[in-house]
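Take a look at the structure below.
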Amino acid sequence: MRVIRGRVFFRGQLGPLSLGIDEDGKIAAIKKTLRGDEEIDHGDLLILPGCVDLHVHMRDPGLTHKEDFPSGTRSAAIGGVTTVGEMPNTLPPVTSRAAFERKASVLRGRAAIDYALYAAPPSSDATATLEEAAAFKIYMAESTGGLQMNPANVGAVLVEAASQGKLVAVHAEDPEKFLAGKPRDLPSHASIRPKEAEASAVSTLGKIRGSAKLHIAHVTCIEALDAVPIGATCEVTPHHLFLDVSKPLGSHGKVNPPLRSPQDRDALWSAFRNGRIDAVASDHAPHTLEEKDGPFDESPAGVPGVATSFPLLMRRARAGEISLPRLVASMASRPAEILGVPKGLIEVGRDADLIALDPRQSEPIRAKRLRYKCGWTPFEGMEGCFPRTVYLRGDAIVEDGEPATDHRGRLIRPLS
Ligand SMILES: [Zn+2]
C-alpha cells in the first residue's frame, strides 16, 4: 500500500492524516498514522481532493489547432483538475452514437486526467440512442459548433433525459431577447446579449423541466441565478467571477454569455461566496490569438481557463475571501456529485485524486506556465496558488508544479 501524508481536508476539516492508497488507486484507509511500502510525506502542505471541472472544450477531434486532448488535459492537471466533463461541440459534433464512439476512440489513451463525455442530442429520439454519454448538453443560443437546438425540441429532450436519469447541462440564453447590431467592444457585446436573455431562458427551463436533472451552465448575473428553479443546479466560471467589461481585454474577453459590469460581477461573487452557486466550471474554450485578434464582431467567443480556476480561487481562499470548505465543495465534491462520478471527495472507497499545495505560495499567472496550445490566458499577471503535486488514482501526474507523466486518464461513466 502507498501512503500519502499531509494536512488533509477530510469531512470538512484540515488535520494531519495518512491516506492509504490501494493497487486500484482508491483510498483504502484514512488514519492518523499508517505504514506502507511507499510513503510520501507532504508535511505541512494541504491535501485537497482533485478538482472536477464540469465544463471544458478540449477541441479534439476536429479543432486541434486550438487545443488537443493531451495538451488540454495536461494543462488541467497543472491547475489541480483531475476530472473534466468534455463538451460535445467538437468535429463531428457528438449528436449520435457513432459520433460518440468515434470521439471516445480518438481520445482513448491520450488524456493526462480522467474525463466524462457529454453528448448533444438534436432531438429526443437521438437522446434515446446516446445512453453511453455521461450527460447531455443543450445550446439554446448560437455558439461555437452550431449546435443550437430548435426550441420546440427542448421539452421532449428533457423528458427523455429524465427517463434515463441523466444530467442535462444547458447554455441558457434566449436569442429572442438579443438586440440587433454588431458588438464593437465588451460593453456593447454585453448589451446585445443582455442579462434578460439569460434570465428568460432559465425561467423557461424551469417551466418545462419536469423531473429532469437540470444544470444551468455559466450563470453571469443575479437575475439568472434568481430564475434557477429549486432542485436544479448551476455553475459559475472564473472569468465571470474575476473579469468584467471594464477590463482592457477587447476581443480577448469575448465570451458567451458575455462578461458583465463590475456591479454584476460583485453581486455574482457575493452569491458564490454565500453558497448560492453549486459549482465552479471553467468553460475552457481556447481559440488561437490569430482567431481572437480579428475585428471584435468576428472574433470567436471563448477563453481558455481550465488551468487557472483552482489557483485563482485558492489565492482568494488564502486571502480569507472565501472559506476552504466552500472552495472544495464548489470545485470538487459538488461537481462530482452533479456529474455522478466517484470523485471529488477524500473518503474511503473514492479514487485517490489529490492535490498537495502550499497555500502561502502564490505566483503571477503566466501563459507559458499553463502550457495551453493556444498560448495565452485572459488572467495573465493575476496571482494564483498552484498545486505542487497532483495525484490521479494515487499516481503523481504533476510534481514540483510540472507535468510528470502523461496518458493515465480514463473515460469515466456516471454511477448508475
Ligand atoms: Zn461551453
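Since every read-out is calculated from the coordinates, none of them should be taken as a lab result. Everything quoted here is computed from the prediction, not taken from an experiment. Neighbour counts are summed over all protein chains in view; Cβ atoms, including those assigned to glycine, are modelled from backbone coordinates with ideal geometry.
Results, tabulated for the structure shown:
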{"item": "Student exercise, the chain dipole from Lys, Arg, Asp, Glu Cβ charges, in Debye to nearest 20", "result": "520 debye"}
{"item": "Neighbourhood net charge (12 Å Cβ-Cβ; Lys/Arg +1, Asp/Glu -1) for K373", "result": "+1"}
{"item": "Dipole of the stretch 251-391 [Lys/Arg +1, Asp/Glu -1 at C-beta], most positive-end residue of V255, A301, N274", "result": "N274"}
{"item": "Distant alpha-carbon pairs in the stretch 176-290 (separation over 23 angstrom), percent", "result": "28 percent"}
{"item": "Given K66/K292; K254/K292; K177/K213; K137/K213; K103/K166, the pairs whose alpha carbons are separated by over 18 Å", "result": "K177/K213; K103/K166"}
{"item": "Cα lying deepest toward the dipole's positive end in the stretch 96-183, options V159, A112, A99, charges on Cβ", "result": "A112"}
{"item": "Per-pair calculated FRET efficiency, R0 = 35 Å: F178 and D125 via Cβ, rounded to 0.05", "result": "0.75"}
{"item": "Trypsin sites (Lys or Arg not before Pro) within the stretch 329-415, DSSP loop, no more than 10 other Cβ atoms inside 10 Å", "result": "R360"}
{"item": "Ranked list, fewest to most other Cβ atoms within 10 Å of each Cβ, for M382, M140, M58", "result": "M382, M140, M58"}
{"item": "Relative contact order for the chain, counting Cα pairs under 8 Å that sit 6 or more residues apart, in percent", "result": "22 percent"}
{"item": "Pairwise centroid distance, computed over Cα atoms, of the stretch 31-101 with the stretch 381-410, Å", "result": "10 Å"}
{"item": "For A29, distant residues with modelled amide H under 5 Å away", "result": "G20"}
{"item": "The stretch 108-199 - percent relative contact order, Cα under 8 Å, separation 6 or more", "result": "24 percent"}
{"item": "Cα centroid separation - the stretch 327-354 against the stretch 165-228, whole Å", "result": "27 Å"}
{"item": "Rel. contact order, % - alpha carbon contacts under 8 angstrom, at least six apart, the stretch 277-414", "result": "23 percent"}
{"item": "Other-chain or far-sequence residues with amide H under 5 Å of G50's (modelled H)", "result": "G344, D353, L354, I355"}
{"item": "Folded to 0 to 90 degrees: helix 69-78 orientation relative to the chain principal axis, Cα", "result": "60 degrees"}
{"item": "The stretch 172-277: trypsin sites (Lys or Arg not before Pro) in DSSP coil with no more than 16 other Cβ atoms inside 10 Å", "result": "R184, R276"}
{"item": "In the stretch 25-59, the trypsin sites (Lys or Arg not before Pro) that fall in loop regions by DSSP, at most 10 other Cβ within 10 Å", "result": "K32, R35"}
